[in-house]
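Scroll down for the structure; my scribbles are underneath it.
The values are calculated or read from the model by the stated rules, or taken from the named source; none is laboratory data. Worth saying up front: this structure is predicted, and the values here are computed from it rather than measured. Reconstructed Cβ throughout: ideal geometry from the backbone, glycine too, with neighbour counts over all protein chains shown. All accessible areas refer to the heavy atoms of the entire protein, side chains included, with ligands and DNA or RNA removed. Shrake-Rupley method; radii C 1.70, N 1.55, O 1.52, S 1.80 Å.
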Amino acid sequence: MTTTANNMNYLPQQNEVEIFSHAAENKLPVLIKGPTGCGKTRFVEYMANKLGREIFTVACHDDLTATDLVGRHLMNKDGTYWQDGPLTRAVREGGICYLDEVVEARKDTTVVLHPLSDHRRVLPIDRTGEEVIAHPDFMLVISYNPGYQNVMKGLKPSTRQRFVGMAFDYPSPEREVVIVCQESNIDKETAQKLVTLGGDLRRLKDHDLEEAASTRILIYTAMMINSGLEPKQACYACLAQALSDETETILAIERLIQIYF
Amino acid sequence: MEELVGEYWHRLITKRAATDHAEAQVNLVDLSSQLAPFYRALGGAPGKVIEGASPREFKLHRRLLQRVAGTHRRTNVTWQDERSVRFAPRHALFPDKQLNEDLYFWLTALAAQLPHINHWFVDNQNAVIEILKSRPGLAKKYYALVAAILPMRPDLDKLEGHKLARELAIQQALKEPGSVTSLPKASGDPFPIFLWLYPEPIHGVSIAADDELDDAPVENQNNEKHEQQKGARKDAKRNDDSKETDGLLIFMLESLFSWTEQVDLDRPQEEDVDVDVSGAADDLDLITLSRQRRAQSSSIKFDMDLPSPQHDDLAVGDGTLLPEWDYKRSIMLKDHCLLQPMLADDALPAPVPERLKQIAYQLRNRFSALNFQATWQRRQPFGTELDLDACIEGITSPNKYEDKQDFYKSHSKNKRELSCLLLADLSMSTDSAINAHERVIDVIRDSILLFAEALNSSGDPFAIYGFSSIKNKQVRYNLLKNFSEPYTDAARGRILAVKPGYYTRMGAGIRQSVEVLKLQPTHKRLLLILSDGKPNDIDHYEGRYGIEDTRKAVMEAKQQGIQPFCITIDEDGNEYLPYLFGDHGYAVVSDTARLPTLLPKLYLNLTGQS
């Protein structure tokens, strides 16, 4: 079931590989939504590998401006010179520009994305007056987590509707077991226990936990167990303490861990 | 003297007859905060509460000593209904504390696995198998518990006939769940199986009172009384006495079988009614409730009529006319609702109540951090450091920034461009009780107060209003704190004085709030709605009409750049709120008691910078 591209494993949840390939073929930008650690970034990296395109990943933060994406003037001993930003490089050279958690970035970033994400496919650089026409292999991919319910952040509808959208969620238990096994080389039985425990913890979201236990956190736990740490200790450290600060919730999670390990 | 001797005798004999291990006792109250998440994580319904159960009567063979002592007639077993999971308030079954604790967790897991019991003997075994299969850690505990509990079961050598067969079947079912499919019949009840769940007691409880006179809840009830019960709730049964005339005892008192039999005697005037009521309640298996709610303090109130002007809040101005959406005709009814701003002018200024001081302090600390979130401001004419980007730009494109010399960046306080209006539902339904000594309105009041404390220290401008309505002719819009006034004891006093009002014409409340919020100059405007149920009013404003009007009002708000967000304590909220506010536009708080602490947290999540 697992597909491999250049030694990179990816287990599709649904038909996301097909959708992405079609979008790439038609030069359309892609938007990926999904909770923390469900495999968004891994998917984009895998697709870049599969399509044989370079990937330019930008992890967006709240101080990220359009300049950081497009580029800036720098100085050396001869004076100033222009340095392309990751977005401009992808546009010029062709490749996938992946803006992770795009809603975190400042509002002015969306402005430079607009002309790139419609039929024009150009990037105007106002500082140099240049208008870069996108390479045929250029593809824009953005991702965000809609679960935060934050009114300060969110994509404008006018931005959102320029993209081909895909929603990701945590994989089904059977698939998750395969993923955990593959990523951590752990035995199947332990992986199964971890995944069931992860399923239990996900039910606590919104009540006791702010965020659900991600596939990533399960893989981390499995890696710790695989390298020789006692399973219970690994779960305490990677799951209980990482998911909550509330003493009572941590105690309850420890009880849950004890019913598996 | 007689009484004293009796007391000593009682203490002695019950101690001798006790089979519990008091030194290893584990209390439910100490564990319930862990049991609740445990239950939810294993798939139990998130809204259910963990509660103590009162002991249940079993027809068992008791030893002489136990019969003399009058103990062991009733036993605590675990069961659940729609609303809660009921555990024994304490477990002291095993001499080992760890085992007693494990018993609680085992039963919680079983309760999550087995929400409904159809066939007690089979379903329990199946649920046990299911758990043993999927949760290896619990399996270990289960077998340890079985090993410890089997010696406590009736001695097989002393049983014979049907009883022996039944006991053998039970023990086999415990040792190897799934191996026995039917329970042999025998007289009496089987000895309680503490590792299993029991069905809920059969007497149904209907909630609605028949009485047309709705008595106000007794405010001054003595809370100390509740402590004796230690979280164990009594079963309740409604008794339909509404049609009958006052009862008269026409038979010999001796022929009364038990305390629980209903005595059809109306005695609202009996003196000292509340003398040791809770003591008597402890002795009862079942508390019979009257459908006539005219107990003890019967006060007559003309339901839903407007209070006389002297006793009402001060009406401010002549009111505002607001439109309403009629979905049947698809038209906006212009000037359909009269909204009347109200001000509780008789509420005295008050500080934060003692019970909330601690948490208010914590919230203030936490939220004041928002106030000082400093960031770099770029392109400033003055500042502590050079803004290199600006300098280089000044060199590369001198024409563009000819007259500006903003080459510095300064570290300064970040002004959050956000104002928030909290709109609280103060309808009559908030008058309902959530537990023995708190009503919904009390929780809402505490929530508003703590929310205000938190926001006040965050520096974000905020306002708080409450609303309730009586048809479209009066939508009462209670001002608790407006945007321009500072948050002082006067505002606190008004918040502490909120009382349940009438109905919920939510559309009008939202429309007015949008008008208020629109005037705020901030970039982002958030409208938080705190509600306890669907919009409704006594005219046609109910069901779909109310929903559609509210939805229209929410959409208007969004169009005007205001973000509405609804927080509800209505457990059915998931059914209609997505339609009103969108999938990510609401939150359901299933544990009402946690609302005061959750509300500021939700606000942080909603507006947090990261």
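Structural remarks
- If the convex hull is drawn through the Cα atoms of segment B:315-385, its volume per residue in Å³: 336
- Column: log10 I(q)/I(0), Debye, Cα scatterers of segment A:173-260, q = 0.10, 0.14, 0.24 Å⁻¹: -0.21, -0.41, -1.19
- Taking a sphere under 14 Å around the Cβ of residue B:127 and counting the other residues whose Cβ falls inside, with K and R at +1 and D and E at -1, yields a net charge of 0.
- Average other protein chain Cβ within 10 Å of Cβ, residues A:209-220: 0
- Computed from backbone phi with θ = phi - 60° and the Karplus coefficients 6.51, -1.76 and 1.60, the 3J(HN,Hα) list for segment B:459-469 is x, 6, x, 8, 9, 10, 10, x, 8, 7, 8 Hz; x is used for glycine and proline.
- Counts of other chain beta carbons within 10 angstrom of each beta carbon in peptide B:387-396 average 4.
- Contact order normalised by residue count of chain A, Cα under 8 Å, 6+ apart, percent: 20
- Sorting the segments B:106-112, B:433-439 by their residues' average number of neighbouring beta-carbon atoms within 10 angstrom, most packed first, yields B:106-112, B:433-439.
- Amide proton proximity set for residue B:84, modelled H, under 5 Å, gap of 5+: B:49
- Distances between placed amide hydrogens fall under 5 Å for residue A:96 paired with A:54, A:55, A:56, A:139, all partners being 5 or more residues away or on another chain.
- Over 30 Å (Cα to Cα) - which of A:156/B:471; B:499/B:601; B:15/B:133 fall in this group: A:156/B:471; B:15/B:133
- Directionally averaged shadow of segment B:547-610, computed from the convex hull of its alpha-carbon atoms, nm²: 4.9
- Considering only A:51, A:73, A:30, the residue lying farthest towards the positive end of the dipole of segment A:2-167 is A:30, judged by Cα position with unit charges set on Cβ.
- Placing unit charges on each Cβ (+1 for Lys and Arg, -1 for Asp and Glu) gives segment A:2-167 a dipole about its Cα centre, and among A:141, A:125, A:86 the Cα reaching farthest toward its positive end belongs to A:141.
- Percent antiparallel among DSSP beta bridges (both partners in segment A:2-167, rounded to 5): 45
- Where labels lie 7 Å past Cα in the beta-carbon direction, separation of residue B:358 and residue B:376 in nm: 4.3
- For segment B:130-200: Kirkwood Rh in Å [reciprocal of mean 1/r, alpha carbons]: 13.2
- Segment B:497-576: mean projected area of Cα convex hull, nm²: 6.1
- Ratio Rg/Rh, restricted to segment A:144-217 and using Cα atoms, in which Rh is the Kirkwood radius: 1.09
- Only Lys, Arg, Asp and Glu carry charge here, each on its Cβ (+1 for the first two, -1 for the last two); on that basis segment B:419-566 has a dipole of about 400 debye about its Cα centre.
- Peptide A:244-254 is shielded by partner chain Cβ atoms: per residue, an average of 3 of them sit within 10 Å of its Cβ.
- Plainly put, segment A:88-218 has a radius of gyration that is 1.11 times its Kirkwood radius, both from alpha-carbon atoms, as the Rg/Rh ratio.
- Given charges at Cβ of Lys, Arg, Asp, Glu: segment A:2-167 dipole, positive-most of A:158, A:96, A:13: A:158
- Relative intensity, log₁₀ I(q)/I(0), of chain A from a Debye sum that treats every alpha carbon as a point, q = 0.10, 0.16 Å⁻¹: -0.59, -1.16
- Tail fraction, Cα-Cα pairs, segment B:12-168, threshold 21 Å, whole percent: 52
- Shape descriptor for segment A:1-109: Rg over Rh equals 1.04 (Cα atoms; Rh from the Kirkwood inverse mean 1/r).
- With the cut-off at under 20 Å, measuring from each backbone N in segment A:162-179 to a point 7 Å along the Cα-to-Cβ line of residue A:22 picks out A:162-169.
- Under a model in which nothing but the beta-carbon of Lys, Arg (+1) and Asp, Glu (-1) is charged, segment A:173-260 shows a dipole of about 280 debye around its Cα centre.
- Between the amide H of residue A:71 and those of A:85, distances stay under 5 Å, these residues lying 5 or more places away or on another chain, with hydrogens modeled in the peptide plane.
- Accessible surface ranking that places the most exposed of B:453, A:211, A:230 first, with a 1.4 angstrom probe: A:230, A:211, B:453
- Long pairs among A:193/A:232; B:481/B:558; A:193/B:175; B:97/B:141; A:40/B:524, criterion Cα-Cα beyond 18 Å: B:481/B:558; A:193/B:175; A:40/B:524
- The spacing between segment B:421-491 and segment B:90-118, judged by their C-alpha centroids, is 41 Å.
- Drop in accessible area of at least 10 Å² in the complex versus isolated chain, residues of segment B:21-51, 1.4 Å probe: B:33, B:34, B:37, B:38, B:40, B:41, B:42, B:43, B:46
- Accessible area buried at the B-A interface, both sides summed, 1.4 Å probe (Å², nearest 100): 3600
- On the basis of the beta-carbon distance and an R0 of 35 Å, residue B:365 and residue B:497 show a calculated FRET efficiency of 0.85.
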